[in-house]
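The values are calculated or read from the model by the stated rules, or taken from the named source; none is laboratory data. All values reported here derive from a predicted model rather than from experimental measurement. Cβ sites come from the backbone with ideal geometry, for glycine too, and all protein chains shown count toward neighbours.
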Amino acid sequence: MSSTTIFSCPIYSFILGPHIQDPLALEGKDMFDLVTVGHFAIDLIASSTAVVSSQSLGGPPTYVSLAARKLGARVSVISKVGEDFPNEYLTSLNANEVDLSGLKRVKGASTTKFILKYRGDERHLQLHSRAPPISVRDLPKSLRTRIIHVTPIANELSLAVVDDLRARTGTLSLDPQGFLRRVDQNGNVCLKRWMGKQVLELVDVYKSSIGEIRMVTGLTNLKLAMKKIQDYGVSIVVVTKGMEGSTLLHEGVFYDIPVCKPRIVRDLTGAGDAYIGAFLAEFVNRKTLYWCSCVGSAAASFVVEGVGSAVFGEKKEIYKRANGIYEEGREYLE
């Protein structure tokens with residue numbers, strides 16, 4: 001029988017599945033808290049509230065890492081970019097203490113680039129260029145981290161890579177967004193069904209949007225879809241629902257987390273990535289799952305107040321907003 005670890009916390013206790021090790025039990029000065037695996041992107045963002053004619057730094061490694069770093073996590077990335085990746089982006093990431101030792105700049109290649117057009121909450125994606133895929137050979141042999149977050153955006157990761165990453169960490173997290181994307185001859189991106197059983201069976205933490213989980217499972221009922229993901233052996237399932245907040249499933253129990261309302265919404269890009277980055281930064285420190293979700297919502301609320309990856313709240317600000325919706329849920333949890 002597989003062993004489990006039980007963490008006790010003020011609101012409830014949660015049992016971690018057989019894959020997950022106590023994150024704080026993994027120590028060492030070279031140990032990262034969180035490593036994000038997937039492509040950086042260069043984004044051109046257009047919305048009803050803002051138009052950005054200049055390129056901006058994007059991709060999950062940006063939003064996940066910066067959100068987690070604001071909360072004190074030690075973060076790194078495994079990614080590939082092309083020769084067109086601006087040096088100013090590298091300077092900015094280094095200034096924010098994002099470790100880039102796992103980043104490869106490929107001679108003669110282009111960086112993954114998207115044109116993002118928003119109409120209300122709806123987003124249209126167009127893929128302009130794609131960086132080379134990330135292979136097993138690109139994974140640092142010396143990689144030591146408490147959590148790995150797998151988050152493709154242009155189908156750049158294979159099952160072999162995910163399988164290799166599974167063996168390198170106690171907690172493997174997944175956002176399947178890139179596995180679900182079909183690109184037509186003009187670069188237009190739409191969602192497709194993804195039969196990802198072999199990947200999902202390797203995962204401890206799953207996060208996606210409500211639209212994406214329906215494409216993964218083929219189910220329109222949210223609770224049934226989340227239960228289906230958990231049936232693959234996933235311990236923690238998180239689904240973001242835009243301005244309707246998020247839903248968390250663990251050990252068969254559902255928790256609804258209110259949305260943290262931003263002062264203004266300028267751009268929705270990266271909100272989901274910031275959410276899971278902040279969630280995992282708190283999770284690595286044994287915080288309650290409900291609190292992790294509140295912090296995730298708070299981090300996302302700051303990101304949408306800017307355009308692209310320009311705005312991230314500071315730790316005290318994030319905690320203040322998170323505490324507001326945490327208190328809303330205290331009676332519900334009890």
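The table that follows gives values for the structure above.
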| read-out | value |
| --- | --- |
| Condition met for I229 (touching a strand residue (DSSP E or B) at 6+ places or on another chain (Cβ under 8 Å), assigned to a helix (DSSP H, G or I) and farther than 22 Å from L66 by Cβ) | yes |
| Among the candidates V307, V259, residue that is modelled with pLDDT under 95, β-branched (V, I, T) and farther than 30 Å from A95 by Cβ | V259 |
| Selected residue [touching a His at 6+ places or on another chain (Cβ under 9 Å) and modelled with pLDDT of 95 or more] from V216, V239, V205, V199 | V205 |
| Positions within the range 261-283 being surrounded by fewer than 24 Cβ atoms within 10 Å (Cβ to Cβ) and among the hydrophobic types (A, V, I, L, M, F, W, C), in sequence order | I264, V265, L268, A271 |
| Some residue of the range 234-251 being touching a residue at least 24 places away in the same chain (Cβ under 8 Å), buried (at least 21 other Cβ atoms within 10 Å of the Cβ) and not in a strand (DSSP E or B) | yes |
| Filter result for G308 (under 19 Å from the mean Cα position of the chain (by Cα) and either touching a residue at least 40 places away in the same chain (Cβ under 8 Å) or within 27 Å of F32 (Cα to Cα) (or both)) | yes |
| Filter result (under 27 Å from F179 (Cβ atoms), over 19 Å from the mean Cα position of the chain (by Cα) and assigned to a loop (DSSP other than H, G, I, E, B)) within the range 84-115 | D84, F85, G108, A109, S110, T111 |
| Hits in the range 158-209 - residues which are farther than 24 Å from G245 by Cα and among the β-branched types (V, I, T) | V161, V162, T169, T171, V183, V189, V199 |
| Any chance E122 is closer than 25 Å to Y206 by Cβ, touching a residue at least 40 places away in the same chain (Cβ under 8 Å) and out of contact with any Asp or Glu (no Cβ under 8 Å at 6 or more places or on another chain) | no |
| Test: V203 is in contact (Cβ under 8 Å) with a residue 24 or more places away in the chain, hydrophobic (A, V, I, L, M, F, W, C) and part of a helix (DSSP H, G or I) | no |
| Of all residues in the range 266-286 being among the aliphatic types (A, V, I, L, M) and either over 26 Å from L116 (Cα atoms) or within 11 Å of the chain's Cα centre (by Cα) (or both), the one that is modelled with the lowest pLDDT | A271 |
| Some residue of the range 118-127 being in contact with a helix residue (DSSP H, G or I) (Cβ under 9 Å, 6 or more places away or on another chain), on the phi < 0 side of the Ramachandran plot and exposed (fewer than 14 other Cβ atoms within 10 Å of the Cβ) | yes |
| All positions within the range 126-156 that are within 17 Å of S208 (Cα to Cα) and part of a strand (DSSP E or B) | I148, H149, V150 |
